[in-house]
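Student: Here's a structure for you.
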Amino acid sequence: MKEINRVIFTKQMKKDYTLLLPQMLPIHFEIIKEVFTNNGYKAELLTNEGPSVIQEGLKYVHNDMCYPAQLVIGQMLDAINSGKYDKHKIALIITQTGGGCRASNYIFLLRKALERANMAYVPVISLSFGLEKNPGFKLTNRIILQGFAGIVYGDLLSLLSNQTRPYEINKGETNELVQKWINILSDKFKNNKGYIGYAMKNNLIRIAKDFDNIELNDEKKIKVGIVGEIFIKFAPLGNNHLQDFLEDQGCEVMVPSLLGFFLYGMENAKYDKQYYGGFKRIMSYPIKKIGLNIVETFENMTYKNVNKVTQKFILPKGFAHMKSLCNGIIDHGVKMGEGWLLTSEMLELSELGYKNIICAQPFGCLPNHIAGKGMIRSVSERAKDTNIVPIDYDPSATSVNQENRIKLMLSIAKENMEKE
Ligand code: SF4
């Protein structure tokens, strides 16, 4: 196979180039974009959608590849070709997990796509811990800490806003509050504040108080949880604005946290060491364990502080509990894609009262079909009254078909709710 040259992102480029970030979670990524801006980069979050995105994806990514790869790469190429940017003054940034799943290879697919589109000169930066190095891009301690804090804040803003938006008496109040907090946090990060210790705790309390003050009606809504492959579960581009659709249908939605995915990734080191051994895995485990404990402290701090302010919101019980839920159903060594996390998330949502679950499955994703769709029977046997529907997402699937299947699920959910 022909090797593709990597274009290095230089220190000079840091001054002149704009980093384009693909969209995944609108609240979290807005905060993360600000983290880059506040640390000396010109950064822009892509928001382009529509048929041209997948057309570009299919044009430059092999059609056997995962649907999320086609969308992420398609969104970037569509943006570059929009005429909005100077093609010689942009760089693309993409995550690289380093796991066994194809997500680690999206970066190579992106470079290949750029080459095929005669834009091999565009630098692509790997957002990872040390997989690729660029002199102009460094994950400093400040960026890492602000990034993690951004994820914690993003998770909390999503969790609380999802529980107020469907019931708010003053329409639009929840979204305004979310935007207000994105602006506050961005300002704080810029001044090197608000992302550790007491300042962070104080912000979490203030966020909980603000959402607690939103006036709500006492309407009864169908509670729906969304699980699935990380991009399709979270990104409106990937799931055809699933959450908006569900809220329009009169539902309240819960989506698991992004922090849970990071904790899952760190926890896997334990099973790598246990099942596969090897000097490198055994030596790196203690460091990953310390990282896991620190991130878990962030999670506990969040729920503890919300609970101090109000009991109005449904809060998850934390990573350790969630992990234990799939014991006896799927092994914790199943860690390709979302692996055991997906099964545990379905059980957690059911336990929290979100008994209607959509399992969002992308085309080309074998691991999540096993840990998601493949586990529905076992989950339903354990959590008896859970109503799970797998929905497939691929370039040819129309949103009408997906919505019709979801409406069918909702009609069963409505009957169940009326019986109750
Ligand atoms: S989780 Fe599925 S969709 Fe995502 S990279 Fe892996 S195989 Fe592809």
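The values are calculated or read from the model by the stated rules, or taken from the named source; none is laboratory data. Being a predicted model, the structure only gives us computed values, none of them experimental. Here the Cβ is made from the backbone with ideal geometry for all residues, glycine too, and neighbour counts use every protein chain on show. What goes into the accessible areas is simple: the full protein's heavy atoms, side chains included, and nothing from ligands, DNA or RNA. Shrake-Rupley method; radii C 1.70, N 1.55, O 1.52, S 1.80 Å.
Student: For the range 66-103: of the residues being among the basic types (Lys, Arg) and more than 12 Å from the ligand (Cβ to nearest atom), which is most open to solvent (accessible area, probe 1.4 Å)? Let's see the steps before the verdict.
Tutor: From the range 66-103, those among the basic types (Lys, Arg) are 84, 87, 89, 102; that's our starting set.
Filter once more, keeping what is more than 12 Å from the ligand (Cβ to nearest atom): 84, 87, 89.
Values: 84: 139, 87: 75, 89: 85 Å².
Out of the qualifying residues, it is 84.
Student: If a residue has to be near the ligand (Cβ under 8 Å from one of its atoms), crowded, with 24+ Cβ neighbours inside 10 Å and closer than 11 Å to residue 338 by Cα to count, how many in the range 359-375 make the cut?
Tutor: 2
Student: Could you tell me whether any residue of the range 332-351 is over 19 Å from the mean Cα position of the chain (by Cα), crowded, with 19+ Cβ neighbours inside 10 Å and hydroxyl-bearing (Ser, Thr, Tyr)?
Tutor: Yes.
Student: A further question follows. Scan the range 319-334 for residues that are part of a helix (DSSP H, G or I) and hydrophobic (A, V, I, L, M, F, W, C) and report the count. Please lay out each step first, then the result.
Tutor: Applying the first criterion (part of a helix (DSSP H, G or I)) to the range 319-334 yields 319-324.
Adding the requirement that they be hydrophobic (A, V, I, L, M, F, W, C) leaves 319-320, 322.
The number of residues fulfilling the criteria is 3.
Student: What's the number of the only condition in (1) surrounded by 15 or more Cβ atoms within 10 Å (Cβ to Cβ); (2) among the hydroxyl-bearing types (Ser, Thr, Tyr); (3) in contact (Cβ under 8 Å) with a residue 40 or more places away in the chain that residue 310 fails to meet?
Tutor: All conditions pass for residue 310, except number (1).
Student: Of all residues in the range 44-65 being among the charged types (D, E, K, R) and more than 16 Å from the ligand (Cβ to nearest atom), which is most open to solvent (accessible area, probe 1.4 Å)? Steps first, please.
Tutor: Of the residues in the range 44-65, the ones among the charged types (D, E, K, R) are 44, 49, 56, 59, 64.
Now drop any that are not more than 16 Å from the ligand (Cβ to nearest atom), which leaves 44, 49, 56, 59.
Values: 44: 57, 49: 82, 56: 28, 59: 115 Å².
The selected residue is 59.
Student: Can you tell me which residue in the range 291-306 is farthest from residue 263 (Cα to Cα), limited to those that are charged (D, E, K, R) and free of Cβ contacts under 8 Å to residues at least 60 places away in the same chain? Don't jump to the end; show me each part of the working.
Tutor: Within the range 291-306, the first condition is being charged (D, E, K, R), and the residues that meet it are 296, 299, 304.
Filter once more, so that each one left must be free of Cβ contacts under 8 Å to residues at least 60 places away in the same chain: 296, 304.
Numbers: 296: 7, 304: 18 Å.
So the residue we want is 304.
Student: So which residues in the range 335-351 are closer than 12 Å to residue 375 by Cβ and either at pLDDT 95 or above or in a helix (DSSP H, G or I) (or both), if there are any at all?
Tutor: Correct list: 339, 340, 341, 342, 343, 344, 345, 346, 347.
Student: Only residues that are near the ligand (Cβ under 10 Å from one of its atoms) and more than 22 Å from residue 49 (Cβ to Cβ): list them for the range 104-116, please.
Tutor: Within the range 104-116, 104, 105 meet the criteria.
Student: Return yes or no: is residue 102 within 25 Å of residue 365 (Cβ to Cβ), touching a helix residue (DSSP H, G or I) at 6+ places or on another chain (Cβ under 6 Å) and basic (Lys, Arg)? It would help to see each step written out before you state the result.
Tutor: Working: within 25 Å of residue 365 (Cβ to Cβ): yes; touching a helix residue (DSSP H, G or I) at 6+ places or on another chain (Cβ under 6 Å): no; basic (Lys, Arg): yes.
In short, no.
Student: OK, next. Of the numbered conditions (1) of a type in the set (D, E, K, R); (2) under 20 Å from residue 226 (Cα atoms); (3) away from the ligand (no atom under 16 Å from the Cβ); (4) buried (at least 19 other Cβ atoms within 10 Å of the Cβ), residue 273 satisfies every one except a single condition; which is it?
Tutor: Every listed condition holds for residue 273 apart from (2).
Student: Could you list, in sequence order, the residues of the range 218-275 that are in contact with a strand residue (DSSP E or B) (Cβ under 8 Å, 6 or more places away or on another chain), of a type in the set (D, E, K, R) and part of a loop (DSSP other than H, G, I, E, B)?
Tutor: Selection gives 221, 229.
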